[in-house]
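Before any comments, here is the structure.
The values are calculated or read from the model by the stated rules, or taken from the named source; none is laboratory data. The structure presented is a predicted model; accordingly, all values stated were derived computationally and were not measured. Please note: Cβ atoms are built from the backbone with ideal geometry, for glycine as well, and neighbour counts cover all protein chains shown. Only protein heavy atoms, including side chains, enter the accessible area calculation; ligands, DNA and RNA are left aside. Shrake-Rupley method; radii C 1.70, N 1.55, O 1.52, S 1.80 Å.
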Amino acid sequence: MTMMKAAVLVKPGRFEIEERPIPKPGRGEVLIRITRTGICGTDIHIFHGHYAAESLPMIPGHEFTGRIQALGEGVEGLTLGGKVVVDTNVGCGRCYWCRRNEILNCPDMKQMGIHADGGFCEYMVVPARLVIPAPEHIPDEVLALTEPLACVVRAARKARVRFGQSVLVMGAGPIGNLHVQLMRTIGAAPIIVTDLSADRVRMAVKGGADIGVSDPAQLTEAVMQATDGRGTDIVIESVGNLALYSQAQRLMRKGGHLAFFGLTGPEEALPMPILDTILRENSAKGSVAGMGEDMHDALTLLVHGRIDTAPFTGATYALEDIQSAFDSFADRPMDLKTQIVMGAT
């Protein structure tokens, strides 16, 4: 077989299934036979033309897993046929930022599925140094969650979350639910989650949140009651809504931390009261993609069952049906994740 199928986003809102030659790995590269690729919120932004529009036409997809199909020259330490996940953030590997595992700041950085072709296809060539072997007994649907969980791991690392800290997670979508589960694993308490969807809030409470709020009018009271009137130690905004970011500043305690996670429009800006920020010693930090140790840590958590993956693995579509998967995404709020299946493992 020399040809493969690939889902190409030719313009916002429109996929086309194309036949393309199966790529061959060069020196230091690996050919992956992709088995599953998850749909990320970023993919939805790209689909609607709100992000990375300059990269189209392109094969999106960066939450993928598969098996090693071929090894390029000079590749050692990887096994043909072995299950793998891939760190999709490609930097030069030499600069100041790459050495600090801040790959997205590398001047030569490209992300698979965002700035270059990604994983909504049957085969893909990737740098061998970014390939992470995975245990054979872990199902593909679980391994495909490594990258989104790595993003959540990175946010927690940036926020320096510790056990016993109170956390408010704003948004109970797929990433919000992962934030909740990771906070529970770390030992944060209490964990408060809010979302307009009562169903998703219930899912987050089942997944580990102590308090769930679906009525915005009740959020402030719920937070203050749970924290003796202080506000939470940490607020994680995982929606990408400017009004929520503004509200988050009022719901964290003095000396608290605001984790910037949800993507907003490129022109949106958040006013921050400078004097209050200084006098209260508040902090804020952004994070987005998991990389390096974040990927390894996420895989470890999944392998050892620290995350309940069942709520994220129920919705699957064949590659040929990817248009339907994206078109129906907003109408399936109970599907926390949707995965595109490339074939039998």
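See the values below:
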item	result
Residues that are at pLDDT below 95, exposed (fewer than 14 other Cβ atoms within 10 Å of the Cβ) and either touching a helix residue (DSSP H, G or I) at 6+ places or on another chain (Cβ under 6 Å) or not acidic (Asp, Glu) (or both), drawn from the stretch 318-337	330, 332, 334
Residue list for the stretch 268-290, restricted to those being surrounded by 18 or more Cβ atoms within 10 Å (Cβ to Cβ) and touching a Cys at 6+ places or on another chain (Cβ under 9 Å)	287, 289, 290
Only listed residue being open to solvent by 30 Å² or more (accessible area, probe 1.4 Å), β-branched (Val, Ile, Thr) and either more than 21 Å from residue 42 (Cα to Cα) or not in a loop (DSSP other than H, G, I, E, B) (or both), chosen from 264, 220	220
For residue 75: the one exception among (1) under 21 Å from residue 114 (Cβ atoms); (2) more than 25 Å from the chain's Cα centre (by Cα); (3) buried (at least 18 other Cβ atoms within 10 Å of the Cβ)	(1)
Hits in the stretch 120-133 (condition: open to solvent by less than 10 Å² (accessible area, probe 1.4 Å) and more than 10 Å from residue 86 (Cα to Cα))	120, 121
Residue in the stretch 88-99 that is open to solvent by less than 10 Å² (accessible area, probe 1.4 Å), within 28 Å of residue 313 (Cβ to Cβ), modelled with pLDDT of 95 or more and outside any strand (DSSP E or B) present	yes
Residue in the stretch 241-255 that is open to solvent by 50 Å² or more (accessible area, probe 1.4 Å) and under 28 Å from residue 86 (Cα atoms) present	no
Check on residue 64, aromatic (Phe, Trp, Tyr), in contact with a helix residue (DSSP H, G or I) (Cβ under 7 Å, 6 or more places away or on another chain), assigned to a strand (DSSP E or B) and at pLDDT 95 or above	no
The stretch 291-301: number of residues that are crowded, with 22+ Cβ neighbours inside 10 Å and over 18 Å from residue 98 (Cα atoms)	2
All positions within the stretch 195-208 that are open to solvent by 40 Å² or more (accessible area, probe 1.4 Å), under 24 Å from residue 162 (Cα atoms) and not hydrophobic (A, V, I, L, M, F, W, C)	206
Test: residue in the stretch 216-229 that is within 22 Å of residue 154 (Cα to Cα) and touching a strand residue (DSSP E or B) at 6+ places or on another chain (Cβ under 8 Å)	no
Odd one out for residue 323 among (1) of a type outside the set (Val, Ile, Thr); (2) out of contact with any Phe, Trp or Tyr (no Cβ under 8 Å at 6 or more places or on another chain); (3) part of a helix (DSSP H, G or I)	(2)
Of all residues making up the stretch 18-60, the number that are within 26 Å of residue 333 (Cα to Cα) and either exposed (fewer than 15 other Cβ atoms within 10 Å of the Cβ) or out of contact with any Phe, Trp or Tyr (no Cβ under 9 Å at 6 or more places or on another chain) (or both)	9
The one condition in (1) part of a loop (DSSP other than H, G, I, E, B); (2) touching a residue at least 24 places away in the same chain (Cβ under 8 Å) that residue 305 fails to fulfil	(2)
Residue count for the stretch 142-194, restricted to those that are under 20 Å from residue 100 (Cα atoms), open to solvent by 20 Å² or more (accessible area, probe 1.4 Å) and either touching a Gly at 6+ places or on another chain (Cβ under 8 Å) or assigned to a helix (DSSP H, G or I) (or both)	3
Residue tally, condition touching a residue at least 24 places away in the same chain (Cβ under 8 Å) and either among the hydrophobic types (A, V, I, L, M, F, W, C) or under 16 Å from residue 342 (Cα atoms) (or both), over the stretch 1-47	25
Inter-residue pairs, beta-carbon under 6 Å, first closer than 16 Å to residue 159 by Cα and in the stretch 235-248, second among the small types (Gly, Ala, Ser), 6+ apart	235/248; 236/259; 237/248; 237/262; 238/171; 238/176; 238/262
